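Working notes for the structure below.
Rule-based calculations on the coordinates, nothing more; no lab input. Keep in mind it's a predicted model, so treat the numbers as computed, not measured. As a convention, Cβ positions derive from the backbone with ideal geometry for all residues, glycine included, and neighbour counts pool all protein chains shown.
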Amino acid sequence: MDRISWVDYQARLAAGPVLFLPCGALEQHGPHLPLGVDAMLAADIACRVAAAVGGLVAPPLNYGYKSQARCGGGQTFPGTASLDGEHLIGVVRDIIREFARHGVERLVLVDGHYENQWFLTEAIETAVRELAPGHPLKIVRTEYWEFCPQSVLDDIFENGFPGFALEHAALIETSMMLALRPELVAMDKLPDDGPAAFPVHDCYPQDGRGVPPSGVLASAVGASAAKGEKIVAAICSRMAEALQKEFFA
């Protein structure tokens, strides 16, 4: 979207495309991955799915809600820079409102940051509430990893899947980055931490308790571009199929 003119954008909208808004965060992802992983993966997934459904991708949102210890390592690491919930809600609400003003009728928020989901939901709800009755805008919000089938997880995890919360900067994200942005992965710095052991409660102010020193919550050993492509292909295929049903069935 940001690489075409307003005239071309207006012409594209006349065809009623699906518009994608990737949502990520600026958050530590261990010593081997860049801080922008969440937004990069959300954007790359959105681009692949947009190609499959004839869609258009908006610039990604590169900041997200505060990192939490049990799913992102928390706010104690240098480089992690987060938004208060009210600010994330306001930014996303305003973006949705602008897209509605443009005439967008099909919008997908592709979330790549675990902690974002309920703030994105609130932004969607408040934006929709502000629209005129009968406005045709329909919005889908998804965390992309939810489209990864169990069969793929069973195939790539020899010792059992630890759960998406602990997969922060671990096998899945590292493999996906090797498939999509290999030049940004430092395999010589790959840690073998985790799985982290946390209590079922959280304490504030955050102190980093239970988080491995690397910031990686489960082992990334065994990550590969082949595994990453298998994950990405499965996610994109299932997401495209779901969006076809939601918007065009």
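At 222 nm, what value in deg cm²/dmol follows for the chain if DSSP H runs of at least 4 each add -39500 (n - 2.57) and the sum is divided by all its residues, to the nearest 500? List each step's numbers first, then the result.
Working: 8 runs with 102 residues, N = 249.
That calculation yields -13000 deg cm²/dmol at 222 nm.
Could you order peptides 188-194, 35-41 by the average number of other Cβ atoms within 10 Å of their residues, highest first?
Working: 188-194: 15.3, 35-41: 24.0.
For the peptides 188-194, 35-41, the packing ranking is 35-41, 188-194.
Just the Kirkwood number for the stretch 135-249, please: inverse of mean 1/r across all distinct Cα pairs, in Å, one decimal. Walk me through the intermediate numbers first.
On the way: mean 1/r = 0.0627 Å⁻¹.
Result for the stretch 135-249 stands at 15.9 Å.
Can you tell me the Rg and the Dmax, both Å, for the Cα atoms in the stretch 6-248?
Cα only, the stretch 6-248: 18.1, 56 Å (Rg, Dmax).
Compute the Cα gyration tensor for the stretch 1-126, then decide on rounded, prolate or oblate, letting a ≥ b ≥ c be the square roots of its eigenvalues: rounded whenever a/c is under 1.5, prolate when a/b is larger than b/c in the other cases, and oblate in all that remain.
Note, shape of the stretch 1-126 comes out prolate.
List, in order, the whole-Hz ³J(HN,Hα) value for each residue of the stretch 243-248 obtained from phi through the Karplus relation with A = 6.51, B = -1.76, C = 1.60 and θ = phi - 60°; use x for Gly and Pro.
Per residue, the Karplus-derived 3J(HN,Hα) values read 6, 4, 5, 5, 9, 10 Hz.
I'd like the antiparallel share, as a percent to the nearest 5, of DSSP beta bridges with both residues in the chain.
Close to 5 percent.
Show me, for the stretch 101-109, the HN-Hα J-couplings you get by feeding each phi into the Karplus relation (A = 6.51, B = -1.76, C = 1.60, θ = phi - 60°), rounded to Hz, glycine and proline as x.
Listing the rounded values in order: 4, 5, x, 5, 10, 10, 10, 10, 9 Hz.
Full-extension gain between D8 and T76, please, as 0.36 nm times their residue separation minus the C-alpha to C-alpha distance.
20.1 nm
Around K138, which amide H atoms from residues at least 5 apart in sequence, or from another chain, sit under 5 Å from its own amide H, with H modelled in the peptide plane?
Answer set, sorted by chain and number: R106, L107.
Which residues' amide hydrogens lie under 5 Å from the amide hydrogen of C23, considering only partners 5 or more residues apart or on another chain, with H built in the peptide plane?
L61, V110, D111, G112
Collect residues whose amide H, placed 1.01 Å from N in the peptide plane, falls under 5 Å from the amide H of V57; neighbours closer than 5 in sequence don't count.
Correct list: F20.
Residue by residue through the stretch 148-162, which ³J(HN,Hα) values in whole Hz follow from phi under the Karplus form 6.51 cos²θ - 1.76 cosθ + 1.60 (θ = phi - 60°), with glycine and proline marked x?
Working through the residues one at a time gives 6, x, 4, 4, 6, 4, 4, 6, 8, 9, 5, 10, x, 6, x Hz.
Could you tally up the Lys pairs in the chain with alpha carbons closer than 28 Å? Skip any pair fewer than 8 positions apart unless they're on separate chains.
Going through the chain pair by pair, I get 7.
What ranking, highest mean first, results for peptides 202-215, 233-246 when packing means the other Cβ atoms within 10 Å averaged over each residue?
In descending order of packing, they fall as 233-246, 202-215.
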